[in-house]
Amino acid sequence: MESKPLGRTGERVPVIGMGTYALGNAAGEERREEIRALQKGIELGMTFIDTAEVYGHGKSEILVGQAIADRRDDVFLATKVAPEHFGYDDVIQSCDASLQRLGVKFVDLYQLHWPSGKIPIQQTMKAMEELVGTGKTRYVGVSNFSVEETREAQESLPRSELVSNQVRYSLTSRSIELDLLPFCDREKLTVIAYSPLDTGSIPKTIPKDMLEKYEMTPAQLMLNWVTYPESVITIPKAGKISHIEENARAVDIRISQRDYEALSRRFE
Ligand code: NAP
C-alpha cells in the first residue's frame, strides 16, 4: 500500500484507509462480516481506521474495538469528538469514553468533528493539548474546517501541531479545490478525504476507455483520482469484503497526469 507523510510529523500513513460510518449497528452474521471486512482491510494495508463518538452513538467505535482487539499495533486509529463536547472537561471525558469503547489506551489521531459556533477553539485545543500531554492521543486533527477555521485551530495549539483536516472530497465534490486544498498543501496538513465514493452513489459516467486502460473498477478509479494530490489520503467505507479487496488495490498503479487532468475536467 502506498503511504504519505502525516502532516509534518515524519510518520507515514496509508493512502487508502477505512471509514466506519454506519458500521456496528447490525447484529449476527452481518456484524461478523463487518468485523471480518475491517480485519481483511488491515491485512491488505488499509491500516488507517477512522471512526467517531457520534457514529451509531458509539456503536462504530465498539465494533472497531472488537475488530482491532488483537492487532492494535498494526493500526493507525483515528476518532472524533463532537462539537457539543468541545468544553474543556467534556473533551477529556469524551476521549476517555472513546478509549473505553475502542478498548485501547490511546488513539493516534483525535479530531474535532465540526467547528463549534459556541465554544472558543482556544478552550477546546487546550484540552486537546492536555490529551497529547497525557498520551491519550498522539496527534490532533480537525474536520470540516474552512481555511480561516483551520488557521485559528493551528494558532490555538502552541505546544503541538495540527496534522490534518478531514473534509468531503471526491471526483464530484470539488469545493475544497478553491482554497482549502491549496492551503493544506502549503501548510503541509494532510487532507483526509471523506465520502470519496459519493457515499456509494458512484457516477455512471466514468469513461469506460479509462477503466479498461488501467483495468480498474469505477470505485478504484475514484480512489486513485482523489489521492492524486500530494496532501490527500482517503477513507472509503466498506462493510463488504469484496469492496474492501477492491479498494485496497485502487492505487496499485497510478493513472497518468494526463488522464488525471482529463478526468478532473470531465467532472468539474
Ligand atoms: P463513501 O466511503 O464514499 O461510500 C461508502 C459506500 O460505498 C458504502 O455504501 C459502501 O458499500 C460503498 N462501497 C465501498 N467500496 C465500494 C466499491 N469498491 N464498489 C462499490 N461500492 C463501494 O462514504 P462515507 O461512508 O460517507 O465516507 C467514508 C468515511 O468518511 C465514513 O465512513 C466516515 O468514517 C468518514 N466521514 C466523515 C465525515 C465527517 O464529517 N468528518 C462525514 C462523512 C463521512 P458497503 O458498505 O456495502 O461495502
- Message: Residues to consider are ALA69, ALA27; find the one that is at pLDDT below 95, more than 13 Å from the ligand (Cβ to nearest atom), surrounded by fewer than 22 Cβ atoms within 10 Å (Cβ to Cβ) and not hydroxyl-bearing (Ser, Thr, Tyr).
- Response: ALA27
- Restricting the range 1-23 to residues that are in contact with a helix residue (DSSP H, G or I) (Cβ under 8 Å, 6 or more places away or on another chain) and either of a type in the set (Ser, Thr, Tyr) or away from the ligand (no atom under 11 Å from the Cβ) (or both), the one nearest to GLY65 (Cα to Cα) turns out to be THR20
- Lone qualifier among LEU157, LEU211 - being more than 16 Å from the chain's Cα centre (by Cα), away from the ligand (no atom under 12 Å from the Cβ), assigned to a loop (DSSP other than H, G, I, E, B) and at pLDDT 95 or above: LEU157
- Message: Checking the structure you have, find out if any residue of the range 166-175 is in contact with a His (Cβ under 8 Å, 6 or more places away or on another chain) and surrounded by fewer than 22 Cβ atoms within 10 Å (Cβ to Cβ).
- Response: no
- Query: Where residues in the range 2-31 are more than 16 Å from the chain's Cα centre (by Cα) and among the hydrophobic types (A, V, I, L, M, F, W, C), which of them is farthest from PRO236 (Cα to Cα)?
  - Reply: ALA27
- Message: I'm trying to understand the selection: among the residues of the range 10-24, which are buried (at least 18 other Cβ atoms within 10 Å of the Cβ) and touching a strand residue (DSSP E or B) at 6+ places or on another chain (Cβ under 9 Å)?
- Response: VAL13, PRO14, VAL15, ILE16, GLY17, MET18, GLY19, THR20, LEU23
- Task: Test each condition in (1) among the β-branched types (Val, Ile, Thr); (2) within 14 Å of the ligand (Cβ to nearest atom); (3) part of a loop (DSSP other than H, G, I, E, B) for VAL64 and report the one that comes out false.
- Result: (3)
- Message: Can you tell me how many residues within the range 228-268 are away from the ligand (no atom under 15 Å from the Cβ) and either part of a loop (DSSP other than H, G, I, E, B) or within 16 Å of ALA193 (Cβ to Cβ) (or both)?
- Response: 12
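The values are calculated or read from the model by the stated rules, or taken from the named source; none is laboratory data. Remember, it's a predicted structure, so these values are computed and weren't measured experimentally. As a convention, Cβ positions derive from the backbone with ideal geometry for all residues, glycine included, and neighbour counts pool all protein chains shown.
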